[in-house]
Amino acid sequence: MKTAKWLLSVMCATLTMTVGTHTGCRPVPEANLSFEISTKLAYNGAPVPDIALSVESRTVGNGVFNGSYDRIAEGITNSEGTVELMFPRSNALDYRITSEENDWFERQILINPDVFLDSEKQSIALAMTPRAEITIRLLNANPVDAMDAIQFRTLNTQGDYPTCSNAWGTFSGLDVVEERTCWIEADRYLAYTYRTMRNGEWVDYVTDSTYVPRGESLIFTLPW
């Protein structure tokens, strides 16, 4: 479906070529397109300020396909978690919006240029998830014999990002120290559960949690 503005420009061009005089039509400017982007905390929808965002595009020019993305706009969200990124109209194949903050998991979405057929300004909402690096250390702090063992798993739900595995692990030995480092969703508690073996018998499961602040390289040691 063609927009009214596009049809008007075609009519004006046709009249001008036919009559050759002033017709009263005004030329339609190549107005800037824009994405109004709002960044919201994935946990509760609260605005997230100070997120760096960029818009890139792939284009076709003079019959040549440009397979790489070229940056055409960038900005940082304000105190209300919004930013408007403007750029000139072009023969774009698609647009790519990317968040670029170290303390947050990257968000990247592709936009079909057809969205601009109806409006030159499009609103986009990005759900942002804070992240942190965590090292989990399981330390046998009270060794009894070689049958000492621990079964451990985190209780985080696997989502859209590569984060700590929540699979069970079983580790045994007098002086065993099990250590893993991974990314995890931050600014909230990471729940975990475990049970230990002493003198050949498993004790009851324990469930607990540790708070993970955004942007930290956290070392969490569980002595057992």
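Note on the stretch 175-188: residues that are assigned to a strand (DSSP E or B) and under 21 Å from Glu106 (Cα atoms) amount to 6. Of all the residues in the stretch 153-184, those that are more than 29 Å from the chain's Cα centre (by Cα) and not small (Gly, Ala, Ser) number 7. Based on what the data block shows, is Glu201 closer than 30 Å to Ile37 by Cα and of a type outside the set (Lys, Arg)? So Glu201 does not fit the description; no.
Quick one: count up the residues across the stretch 113-155 that are polar (S, T, N, Q), surrounded by fewer than 18 Cβ atoms within 10 Å (Cβ to Cβ) and in contact with a strand residue (DSSP E or B) (Cβ under 6 Å, 6 or more places away or on another chain). If you could, list the steps in order and put the result at the bottom.
If we filter the stretch 113-155 for residues that are polar (S, T, N, Q), which is where we start, we get 119, 122-123, 129, 135, 140, 142, 151, 154.
Narrowing the set further to residues that are surrounded by fewer than 18 Cβ atoms within 10 Å (Cβ to Cβ) leaves 119, 122-123, 135, 142, 151.
Now narrow it down to the ones that are in contact with a strand residue (DSSP E or B) (Cβ under 6 Å, 6 or more places away or on another chain): 122-123, 135, 151.
Count: 4.
Restricting the stretch 151-174 to residues that are of a type in the set (Ser, Thr, Tyr) and not in a strand (DSSP E or B), the residue that is farthest from Leu222 (Cα to Cα) is Tyr161. For Leu126, state whether it is under 30 Å from Val48 (Cβ atoms) and either part of a strand (DSSP E or B) or among the β-branched types (Val, Ile, Thr) (or both). So Leu126 passes the test. Within the stretch 130-148, the presence of at least one residue that is among the acidic types (Asp, Glu), under 19 Å from the mean Cα position of the chain (by Cα) and closer than 30 Å to Met197 by Cα is confirmed. Please work out which residue is surrounded by the fewest Cβ atoms within 10 Å (Cβ to Cβ), limiting yourself to the stretch 201-224 and to residues that are over 30 Å from the mean Cα position of the chain (by Cα) and not in a strand (DSSP E or B). The extreme case among them is Asp204. In the stretch 38-65, of all residues being surrounded by fewer than 13 Cβ atoms within 10 Å (Cβ to Cβ) and modelled with pLDDT under 95, the one that is nearest to Ile111 (Cα to Cα) corresponds to Val60.
The values are calculated or read from the model by the stated rules, or taken from the named source; none is laboratory data. Computed from a prediction, not measured in an experiment: that's the story for all the values here. Please note: Cβ atoms are built from the backbone with ideal geometry, for glycine as well, and neighbour counts cover all protein chains shown.
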